[in-house]
1. Would you check which residues across segment 77-116 are among the aliphatic types (A, V, I, L, M) and either under 18 Å from SER59 (Cα atoms) or touching a Gly at 6+ places or on another chain (Cβ under 8 Å) (or both) and list them?
2. Could you run through segment 72-90 and say how many residues are under 10 Å from ALA109 (Cα atoms) and in a loop (DSSP other than H, G, I, E, B)?
3. Would segment 96-103 turn up any residue that is at pLDDT below 95, surrounded by fewer than 18 Cβ atoms within 10 Å (Cβ to Cβ), outside any helix (DSSP H, G or I) and more than 10 Å from the chain's Cα centre (by Cα)?
4. Please go through (1) within 21 Å of ASP155 (Cα to Cα); (2) in contact with a Phe, Trp or Tyr (Cβ under 8 Å, 6 or more places away or on another chain); (3) surrounded by fewer than 18 Cβ atoms within 10 Å (Cβ to Cβ) for GLY64 and return the number of the only condition it doesn't satisfy.
5. Among the candidates ARG148, ARG144, ARG123, which residue alone is of a type in the set (Lys, Arg) and outside any strand (DSSP E or B)?
6. Quick one: which residue in ASP61, ASP55 is of a type in the set (D, E, K, R), within 26 Å of GLY21 (Cβ to Cβ) and in contact with a Pro (Cβ under 9 Å, 6 or more places away or on another chain)?
7. ALA41 is checked against (1) among the hydrophobic types (A, V, I, L, M, F, W, C); (2) under 17 Å from ALA156 (Cβ atoms); (3) outside any loop (DSSP other than H, G, I, E, B) and fails just one. What number does that condition carry?
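The values are calculated or read from the model by the stated rules, or taken from the named source; none is laboratory data. The shown structure was predicted, so the numbers you read here are calculated from the model rather than taken from an experiment. Glycine also receives a Cβ, built like all others from the backbone with ideal geometry; neighbour counts cover every protein chain displayed.
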Amino acid sequence: MGWRSSLRHLFSDSSPTVGAGYRLEPHQTDTGCGYVVVRVADGQRLSWETLPRGDGIESLDVRGEAHRPGALQSPGFAAGASLTLVPEPNNPYDANAVGVWDATRSNQAGYLPHEHAVRIAKRLLKGEVPRCVVMWEEHRAGQRVSLRVLLLREDAAITGGPLG
């Protein structure tokens, strides 16, 4: 399924809701598609940099996707797809590395940024697993070239739409 088909699926479903105070809305530009977080109280669209981590909502770029262009085209990396975060304590380059994989762990997109991986790896190794979904997919020449993920604490549940 190409990214245009992903868009049809993305925009055909109702918008999922994050907790009681936030809502995810589908959004697209000329270069990508995915979701934006909207604060329900005032309808304000929040930029990914200002998402309320204290409310269990966080968005991060995936790093290293350029090394896996084929894997990135998998439908498992389309906007709204569930992902699996895998700590790699034996990684020879970074003992705190956290791999970003599709839900079936068949394809790896890349890694969480190092500056966040230390904190997230500790949580993962303690069994605290946040829900992780593709929030945004960027395109060039009809190909998916980068991802932004949305991490959600258990109490920041998403319902409806392609996210279930």
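1. ALA78, ALA79, ALA81, LEU83, LEU85, VAL86, ALA97, VAL98, VAL100, ALA103, ALA109, LEU112 - these are the residues of segment 77-116 that are among the aliphatic types (A, V, I, L, M) and either under 18 Å from SER59 (Cα atoms) or touching a Gly at 6+ places or on another chain (Cβ under 8 Å) (or both).
2. 2
3. Within segment 96-103, not a single residue is at pLDDT below 95, surrounded by fewer than 18 Cβ atoms within 10 Å (Cβ to Cβ), outside any helix (DSSP H, G or I) and more than 10 Å from the chain's Cα centre (by Cα).
4. Here GLY64 meets the rest and fails (1).
5. ARG123
6. Numbers: ASP55 fails: in contact with a Pro (Cβ under 9 Å, 6 or more places away or on another chain).
Among ASP61, ASP55, only ASP61 is of a type in the set (D, E, K, R), within 26 Å of GLY21 (Cβ to Cβ) and in contact with a Pro (Cβ under 9 Å, 6 or more places away or on another chain).
7. Every condition holds for ALA41 apart from (3).
So that you can scan it fast, the table gives a plain yes or no per residue for (1) within 17 Å of GLY142 (Cα to Cα); (2) over 14 Å from the mean Cα position of the chain (by Cα); (3) at pLDDT 90 or above:
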{"position": "TRP3", "(1), (2), (3)": "yes, yes, no"}
{"position": "GLY32", "(1), (2), (3)": "yes, no, yes"}
{"position": "VAL40", "(1), (2), (3)": "no, yes, no"}
{"position": "GLU65", "(1), (2), (3)": "yes, no, yes"}
{"position": "ALA71", "(1), (2), (3)": "yes, yes, yes"}
